[in-house]
1. Using a 10 Å cut-off on Cβ atoms, rank the peptides 118-124, 59-65 from the highest mean neighbour count down.
2. Could you list 108, 92, 182 so that the one with the fewest beta carbons within 10 Å of its beta carbon is first and the one with the most is last?
3. Roughly speaking, what is the centre-to-centre gap between region 56-78 and region 91-118 when only Cα atoms are used, to the nearest Å?
4. Report, largest value first, the span of the C-alpha coordinates of region 22-121 along each principal axis, in whole Å.
5. Using 0.36 nm times the number of residues separating residue 38 and residue 82, minus their current alpha carbon distance, what extension gain do you get?
6. Between residue 54 and residues 5 or more places away or on another chain, which pairs have amide H atoms under 5 Å apart, with H built 1.01 Å from N, and which residues are they?
7. When you count, for each residue, the other Cβ atoms within 10 Å and take the mean per peptide, how do 69-75, 152-158 rank with the highest first?
8. What's the FRET efficiency of residue 104 with residue 25 using the Cβ-Cβ distance as r and R₀ = 25 Å, to the nearest 0.05?
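FYI, it's all coordinate maths here, none of it is from the lab. What you see is a predicted model; the values in this text were computed from it and never measured. All Cβ positions, glycine included, derive from the backbone under ideal geometry; neighbour counts span all protein chains shown.
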Amino acid sequence: MTSKLWLVRHARPEVNEGICYGQTDLAAEGHANHLAAIHLAEALNIQSNTRFLVYTSGLLRTRQLAHALQDLVPDLNIQQDLRLKEMHFGRWEMQAWSDIPKEQIDAWIDDFAQHRFGGIESCQDVLTRVIAAYQDMLTVLRFSAQYDKQCQIIWITHAGVIRALSYYLATGKSTITHVNQWPKSAPGFGEWIQCAIDIH
């Protein structure tokens with residue numbers, strides 16, 4: 001059975017441009033969040049027998065969009081998976097990117113997979129947890145009679161998570177070695193990409 005997976009980035013957060021914020025639990029801008037929910041609701045293929053399963057990262061900015069969407073799309077099943085959080089940037093959280101020493105960024109680029117930029121989490125760590133969340137979701141869907149081909153799955157998450165899952169779905173690889181392998185683009189705030197996934 002093939003289902004549609006929507007990878008949605010949260011709306012613009014309440015933070016100045018150029019700030020590294022990662023897992024800092026910021027709120028989304030209210031108006032931007034409302035517009036993002038409207039645009040997503042308009043894009044969803046809503047039919048009488050369509051079911052939606054929504055996963056959020058648990059961070060406030062993703063929960064806000066899920067709840068705003070729930071006001072527009074009835075009977076959303078919203079679940080939380082902390083593995084869908086953005087990368088944790090440790091001591092660099094809420095620092096201006098321009099204030100982070102260049103040698104720290106270079107060290108990350110030179111050992112992109114394993115270097116813990118900020119001291120907490122590496123890109124490989126992020127990739128591993130995102131793949132685990134995805135595989136666990138597939139397992140639940142395979143063994144749940146509730147979710148048939150009419151079910152659409154929505155992840156309301158973050159740019160890093162979307163890049164990680166996009167890399168895995170495109171390559172089938174659970175490891176990464178070089179920065180050039182990492183997807184360069186991600187949806188803008190409140191935007192999304194769609195993927196066809198095989199539940200079987």
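1. 59-65, 118-124
2. Details: 108 20, 92 23, 182 16.
So the residues, fewest neighbours to most, are 182, 108, 92.
3. About 32 Å separates the Cα centre of region 56-78 from the one of region 91-118.
4. Per principal axis, max minus min of the Cα coordinates gives 55, 27, 19 Å.
5. Working: separation 44, 0.36 × 44 = 15.84 nm, distance 2.50 nm.
Gain in length upon complete extension: 13.3 nm.
6. So residue 54 has HN proximity to 77, 78, 79, 154.
7. Numbers: 69-75: 14.3, 152-158: 25.1.
The packing order, highest mean first, is 152-158, 69-75.
8. Details: r = 24 Å, r/R0 = 0.94.
Here the calculated transfer efficiency is 0.60.
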